[in-house]
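The block underneath contains the structure these notes are about, expressed in structure tokens.
The values are calculated or read from the model by the stated rules, or taken from the named source; none is laboratory data. Worth saying up front: this structure is predicted, and the values here are computed from it rather than measured. Here Cβ is always computed from backbone atoms with ideal geometry, including for glycine, and neighbour counts include all displayed protein chains.
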Amino acid sequence: MATVLNARLNQVIAVDGEPRSFFFNGRLLSAEDLTREQAARDGAEARLARLIGCGVAQGLTVTAGAGSVLHVSAGLGVTPSGAVIDIGNLDLDLSSAGKGSSFSGFGNCAAGLAEAQASAGVHLLTLAPAWSGQGRAATLLGEVGACNRRTQQPAVRARLVEVVSAGGLTRNELAVALLSPDMGLAAVPEGGRVGWWMRQRIAGCAAAPGLTADELPLALLQIDANAVPLWIAPDGARRRLGPPPGGAGDAGPGTWPQSWAVEMQAFAAQFLAELMEAQASAAAFVWLPPTLPLTSAQLARLRAVLPGMPGTVDVLNRSRFARALIEGWDGEPVRRQGAVLYLARLEGHPERLLLRAGTHASSNGDAIVSAGGERTSAKVASAAARVLAAGRRKREGGPSQDELAAAGSALTQTPDRKRR
């Protein structure tokens, strides 16, 4: 925005924004005048939509159909540019591509853009807003060719954006590679982000080149040479409606961004969806979400697929369970090998379970993981005491300084006592 100097009270001060046409009797209207009016309205709606962020508000779930067909359920979403996508149920055939026109105003018609059939590999399925011409309008100039449209109906255009990845990444690794903020990769340059997604990864792992601010990502998928999906990971791509990293509404400098919790929730959903597939195996899960809400059926599946899940469950009251869940979204993905796990259950609700993953452990393998409350459980306090005792004996192979610090921190809090 331009700086306004020497402004005075009651002065009308021009600001940035789309101008609108001024109408009065006797004025000759042109297509450009009416296009300007539409642009002013669309710009105002887009600014309003961007205040609530971007992502999927409801629906828009992608599932496999027969052959190369995908089903996209009815739903509502907002693109990074502020365009609202509102569709009914949609069947999308990936084996063919049509032409989409970019013409949307009163001026000269733009040529249709051809789309070639997507090649085999991993892709990002996106939807972008468009307009579909309806009918023919009466004119004073006779036939005006392709520009003649009576009305334009809101429409969408689906696209597959190829995701370039370091070969051999599992779906689990790919989901982590595409998270934002980046997982230990180079910093995102100015203008390098499109909504939740980086315009392109700049330090390995994965990239989604060519993504635009008008596109709403819905799913990651891999297709074969006949465009038949080999797997679909909706939660690897979609984000719930919220402020993207660095966008309006995200937390400012010095505070933890709200956007990170949205990213971790998406990763947890992707993890559970893949876990519940019949062919899921331990080798597919290199990373664990920092927190994972579970049902008893999901926990049983987790124990069947991944060895080393906790055998005991701590029972937490509602406030401690909620805090453990909310604080867990601020964590980072944890490598499964060497991870320390903590399992909790909501008091009085056997179906409400929570798995927390961390990286601190004592020398004898006991977990030192805070359950998200202000107090440390008696079990964790006991483990912390053993760590400190081992440190005082100063044996070789004993706990590290980081482990001793974590144990000391745990013991500074009062152990829980059973309520009477």
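Looking at this structure, is E332 surrounded by 14 or more Cβ atoms within 10 Å (Cβ to Cβ), charged (D, E, K, R), out of contact with any helix residue (DSSP H, G or I) (no Cβ under 7 Å at 6 or more places or on another chain) and not in a loop (DSSP other than H, G, I, E, B)?
Here the answer is no, as E332 does not meet what is asked.
Give, as residue ranges, the strands (runs of 3 or more DSSP E) completely inside region 7-87 that count at least 2 residues that are in contact with a strand residue (DSSP E or B) (Cβ under 8 Å, 6 or more places away or on another chain) and closer than 30 Å to N148 by Cβ.
Those strands (runs of 3 or more DSSP E) span 84-87.
Does at least one position in region 249-259 carry a residue that is over 26 Å from E351 (Cα atoms) and part of a strand (DSSP E or B)?
The answer is no, given that none of the residues of region 249-259 is over 26 Å from E351 (Cα atoms) and part of a strand (DSSP E or B).
Among the residues of region 307-322, which ones are surrounded by fewer than 19 Cβ atoms within 10 Å (Cβ to Cβ) and modelled with pLDDT of 90 or more?
Of everything in region 307-322, those that are surrounded by fewer than 19 Cβ atoms within 10 Å (Cβ to Cβ) and modelled with pLDDT of 90 or more turn out to be V315, N317, R318, S319, A322.
Quick grid of which residues meet (1) within 21 Å of T359 (Cα to Cα); (2) within 18 Å of the chain's Cα centre (by Cα); (3) modelled with pLDDT of 90 or more; (4) not basic (K, R):
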| position | (1), (2), (3), (4) |
| --- | --- |
| A251 | no, yes, no, yes |
| A273 | no, yes, yes, yes |
| L294 | yes, no, yes, yes |
| V340 | yes, no, no, yes |
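In this structure, is A14 outside the structural domain of R193 (by TED's automatic domain parsing) and out of contact with any His (no Cβ under 6 Å at 6 or more places or on another chain)?
yes
In this structure, does A280 turn out to be closer than 24 Å to T63 by Cα, free of Cβ contacts under 8 Å to residues at least 60 places away in the same chain and outside any loop (DSSP other than H, G, I, E, B)?
Values: closer than 24 Å to T63 by Cα: yes; free of Cβ contacts under 8 Å to residues at least 60 places away in the same chain: yes; outside any loop (DSSP other than H, G, I, E, B): no.
No.
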